[in-house]
Amino acid sequence: MAIIITDECINCGACEPECPNTAIYEPGVEWTWADGTALDTVEMEDGSSIDGQAAQEPVSDEFYYIVPDKCTECVGFHEEPQCAAVCPVDCCVDDPDYVEEEDELLAKKAWLHAE
């Protein structure tokens with residue numbers, strides 16, 4: 001299950017540098033697949049491919065956000081999600097829209113970092 005940052009976020013930024021996948025971004029900031037990963041090209045579900053450096057639309061303009069397809073809940077890196085561990089207002093919580101088992105999260109980590 002990916003982590004989501006709720007609207008209780010105070011935009012302190014404590015979570016952003018803790019993410020081993022560079023899946024956390026400031027409000028309104030475009031993101032890329034290549035940020036913090038080994039992805040040069042990403043094949044989409046529809047079979048198309050996009051450049052890993054291509055800017056993607058921000059998930060939120062109001063508060064820090066996590067790109068769910070880059071979030072591995074820190075599995076394979078740490079014992080617990082680091083964003084949740086450092087969040088002073090406990091707004092980094094499980095995202096019910098992205099439920100994944102540990103083996104899926106480990107596979108995502110391997111894909112993101114080309115292991």
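The values are calculated or read from the model by the stated rules, or taken from the named source; none is laboratory data. All values reported here derive from a predicted model rather than from experimental measurement. Virtual Cβ from ideal backbone geometry, glycine too; neighbours counted across all protein chains shown.
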Item checked: Unmet requirement for PRO58, which otherwise passes all of (1) within 19 Å of MET1 (Cβ to Cβ); (2) out of contact with any strand residue (DSSP E or B) (no Cβ under 6 Å at 6 or more places or on another chain); (3) touching a residue at least 12 places away in the same chain (Cβ under 8 Å); (4) not small (Gly, Ala, Ser) -> (1)
Next item on the list: Report, ordered by the first and then the second residue, all pairs with beta carbons closer than 7 Å, sequence separation of six or more or different chains, a first member in region 86-115 that is without any contact (Cβ under 8 Å) to a residue 40 or more places away in the chain, and a second member that is polar (S, T, N, Q).
Entry: LEU105/THR72; LYS108/THR72
Next item on the list: Specify the residue that is surrounded by the fewest Cβ atoms within 10 Å (Cβ to Cβ); the eligible residues are those in region 9-43 that are modelled with pLDDT under 95 and touching a strand residue (DSSP E or B) at 6+ places or on another chain (Cβ under 7 Å).
Entry: GLU43
Next item on the list: Kindly indicate whether ALA2 is modelled with pLDDT of 95 or more, touching a strand residue (DSSP E or B) at 6+ places or on another chain (Cβ under 8 Å) and crowded, with 16+ Cβ neighbours inside 10 Å.
Entry: no
Notebook entry, point to check: Within region 44-60, can one find any residue that is modelled with pLDDT under 95, part of a loop (DSSP other than H, G, I, E, B) and charged (D, E, K, R)?
Noted result: yes
Notebook entry, point to check: Can you find even one residue in region 54-67 that is touching a helix residue (DSSP H, G or I) at 6+ places or on another chain (Cβ under 6 Å), closer than 15 Å to LYS108 by Cβ and not polar (S, T, N, Q)?
Noted result: no
Check: Do we find that VAL67 is out of contact with any strand residue (DSSP E or B) (no Cβ under 9 Å at 6 or more places or on another chain), under 20 Å from GLU101 (Cβ atoms) and at pLDDT 95 or above in this structure?
Finding: no
Next item on the list: Output the residue which, of all residues in region 70-81 that are exposed (fewer than 15 other Cβ atoms within 10 Å of the Cβ) and either among the charged types (D, E, K, R) or modelled with pLDDT under 95 (or both), is nearest to the chain's Cα centre (by Cα).
Entry: GLU80
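Residue by residue, here is whether (1) more than 22 Å from PRO27 (Cβ to Cβ); (2) crowded, with 19+ Cβ neighbours inside 10 Å; (3) over 12 Å from the mean Cα position of the chain (by Cα) holds:
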position: PRO68; (1), (2), (3): no, no, no
position: CYS87; (1), (2), (3): no, yes, yes
position: CYS92; (1), (2), (3): no, yes, no
position: ASP95; (1), (2), (3): no, no, no
position: GLU101; (1), (2), (3): yes, no, yes
position: LEU106; (1), (2), (3): yes, no, yes
position: LYS109; (1), (2), (3): yes, yes, no
Next item on the list: Residues being not in a loop (DSSP other than H, G, I, E, B) and not acidic (Asp, Glu): count how many of those fall in region 21-43.
Entry: 5
